[in-house]
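The values are calculated or read from the model by the stated rules, or taken from the named source; none is laboratory data. If you're wondering where the values come from, they're calculated on a predicted model, not measured in any experiment. Here Cβ is always computed from backbone atoms with ideal geometry, including for glycine, and neighbour counts include all displayed protein chains. We work out accessible area using only protein heavy atoms, side chains counted, and drop any ligands, DNA or RNA first. Shrake-Rupley method; radii C 1.70, N 1.55, O 1.52, S 1.80 Å.
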Amino acid sequence: MLLRYMNQKLHFGLEPQALESFLTDYQGPLYVYDLKGLQKRVEQYRSFLGSKSQIYYATKANSHLDILKSLKKQGVRLDVVSGGEIDQGIKAGFEAREIIFSGVGKTRQEITQALFLRVHQINVESVEELKRIAEIAKSLRVRAQIAFRMNPEVSPQTHPYITTGFRENKFGLDAQALPELLRILKENTEHLELKGLTMHIGSQITDIEVFQEAIQKTKEMFRHVQSQGFTPSRFDVGGGVGIVYEREDLAGEEKLLRNYGQMVQNELKDLDVEIQCEPGRWLVAHNGVLLCQIQYVKETPYKKFLIVDSGMNHLLRPALYEAHHNIWTLNEPSSTAVEVYDVVGPICESSDFLALERALPRCKGGDFLAIADSGAYGMSMASEYNLRALPREICLPE
Ligand SMILES: *Cc1c(COP(=O)(O)O)cnc(C)c1O
């Protein structure tokens, strides 16, 4: 249990801490992260994916320095999508050779930085990018270690904004591009070394068969590349499996990951490759909670609003994807009576909400709320829009 009431007070973490204790001297919304909980999720991920796999944590999910340091201690590596994330990884103590550089829009400066530092692998997302990498590697007189991010052409059932493996979105390379890619490789063998293929079909996918189909299709491309005389040794299966936000179902999540891990190992056992995976959300989402305070209870003839001091500026997912986050009051409700509220922020946008039509215990101004499961894509997507301060962040000890 990650959030639960003990002695009428909401507690959080593997070693439960009363969240109220972080609110003395309250100066605005704050994220609380549980590093012990994170370590446990890493252990589970590793055991389900097997000893041939290596975890490259998707840094974009949460790049807090102490989270990265904690992951480093556990032998996790990093998947990054910008020069800024490379810097943050190095600052947290990672070696460049523990970092995979992904993302569709790498600038010359970022590629130069990555090659100069000698990152483990650059995941290539377009023909133009491959040419750019070859050119920069040549000028630096290095051999870039690259992988091709392939689009396996499956269309998962998830929010359209977070599917990424289909030909109509901006990510990855289509099978039709392979002849040209391989030609460029052959012309630049001194400066480009193909180390593997990678795929990432989207986030929040819970259908194992969709992953399986994607892996099978990418495997065909892998074999094709081998048949052309290349010797890739890494197969990157992309981000993690989906998690449950609507209710707590850790056992269900573990079961899904176990099945997924078995499928991955089974599909790839005949390839003799290092299996790379890039989970973000699965590791950190449940291990973060956002605390905020109700400023006003606003009642109109049509609606009841809880106007809080946090919103899309601190946690964008509800506004961006209509994502669901459970909301808890800090004091255990004394009755089962509920009110239906829209929980909204102070930002001047109608999409600035944390929850719509949500049944919650009756609240009053000054009460605190905990927004659950906000450890992933919370702070990392936060902005200072309306010139409101970013939330503070606190980590519970390891
Ligand atoms: C966002 C992303 C991930 C992480 O996805 P999660 O759903 O957080 O596990 C992994 N790989 C790539 C390339 C990504 O863009």
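Remind me, relative contact order of the chain in percent, using alpha carbon pairs under 8 angstrom and six or more residues apart?
The value is 20 percent.
Cα-Cα over 22 Å: which of Lys40/Lys69; Lys138/Lys219; Lys73/Lys219; Lys69/Lys195? All intermediate terms of the calculation are to be shown ahead of the outcome.
Working: Lys40/Lys69 15 Å; Lys138/Lys219 30 Å; Lys73/Lys219 32 Å; Lys69/Lys195 27 Å.
Correct reply: Lys138/Lys219; Lys73/Lys219; Lys69/Lys195.
With θ taken as phi - 60° and the coefficients 6.51, -1.76 and 1.60, list the Karplus ³J(HN,Hα) couplings across the stretch 389-397 in order, rounded to whole Hz; mark glycine and proline as x.
5, 5, x, 7, 9, 10, 10, 6, x
For the stretch 351-396, which trypsin sites (Lys or Arg not before Pro) are in a loop by DSSP, counting at most 12 other Cβ atoms within 10 Å?
Numbers: sites: Arg358, Arg362, Lys364, Arg388, Arg392; in loops: Arg362, Lys364, Arg388.
Those that pass, being in a loop and sparsely packed, are Lys364.
Would you list which lysines come within 29 Å of Lys364, measuring only between C-alpha atoms, while excluding same-chain residues fewer than 8 positions from it?
Straight-line reach from Lys364, under 29 Å: Lys9, Lys298, Lys303, Lys304.
Report, by chain and number, residues whose modeled amide H sits under 5 Å from the one on Ala376, excluding near sequence neighbours (fewer than 5 apart, same chain).
Ala285
Taking the chain as a Gaussian network, where each spring joins two C-alpha atoms under 10 Å apart, which residue of Pro179, Pro333, Pro301 fluctuates the most?
Taking springs between Cα atoms under 10 Å, the residue moving most is Pro301.
With both partners inside the chain, how many of the DSSP beta bridges are antiparallel, as a percent to the nearest 5?
45 percent
Please list His224, His11 in order of solvent-accessible area, largest first, computed with a 1.4 Å probe with all protein chains present.
His224, His11
Return the equivalent ellipsoid semi-axes of the stretch 301-398 as a descending list in whole Å, where each equals the square root of 5 times an eigenvalue of the C-alpha gyration tensor.
Ellipsoid semi-axes (Å, largest first): 22, 18, 12.
Among Gln176, Leu320, Pro301, which residue has its Cα furthest toward the positive end of the charge dipole of the chain, with +1 on Lys/Arg Cβ and -1 on Asp/Glu Cβ?
Of the options given, the answer is Gln176.
Which value, in debye to the nearest 20, describes the size of the charge dipole of the chain about its Cα centre when Lys and Arg Cβ atoms bear +1, Asp and Glu Cβ atoms bear -1, and nothing else is charged?
The calculated dipole for the chain is roughly 820 debye.
Build a GNM of the chain with springs between Cα atoms under 10 Å: which of Val244, Val119, Val142 gets the top mean-square fluctuation?
Val142
What does the charge dipole of the stretch 1-134 about its Cα centre add up to, to the nearest 20 debye, if the Cβ of each Lys and Arg holds +1 and the Cβ of each Asp and Glu holds -1?
400 debye
Over all distinct Cα pairs, what is the inverse of the mean 1/r for the chain, reported as the Kirkwood hydrodynamic radius in Å?
22.2 Å
Of the candidates Met263, Met150, Met379, which one comes out as most mobile in a Gaussian network treatment of the chain with C-alpha springs shorter than 10 Å?
Looking only at Met263, Met150, Met379, the largest GNM fluctuation is found for Met263.
For the chain, what is the accessible area per residue in Å² when the probe is 1.4 Å? List each step's numbers first, then the result.
Values: 17500 Å² over 398 residues.
For the chain, the solvent-accessible area averages 44 Å² per residue.
For Asp66, tell me the accessible area in Å² from a 1.4 Å probe, rounded to the nearest 10.
60 Å²
Ignoring ligands and nucleic acids, what accessible area does Ser335 show with a 1.4 Å probe (Å², nearest 10)?
My reading of the accessible area for Ser335 is about 70 Å².
From Cα pairs below 8 angstrom and at least 6 apart in sequence, can you work out the relative contact order of the stretch 1-136, rounded to a whole percent?
14 percent
Dividing the convex hull volume of the Cα atoms of the stretch 213-363 by its residue count, what figure in Å³ per residue is obtained?
That works out to 156 Å³ per residue.
Heads up, I need the accessible area for Thr24: 1.4 angstrom probe, whole protein in place, Å², nearest 10.
Only protein atoms counted, so the area is about 110 Å².
Run the accessible area of the stretch 213-262 with a 1.4 Å probe and give the carbon-and-sulfur part as a rounded percent.
Of all accessible area on the stretch 213-262, carbon and sulfur atoms account for 43 percent.
Starting from the alpha-carbon convex hull of the stretch 140-296, give the projected area averaged over all orientations, in nm².
12.9 nm²
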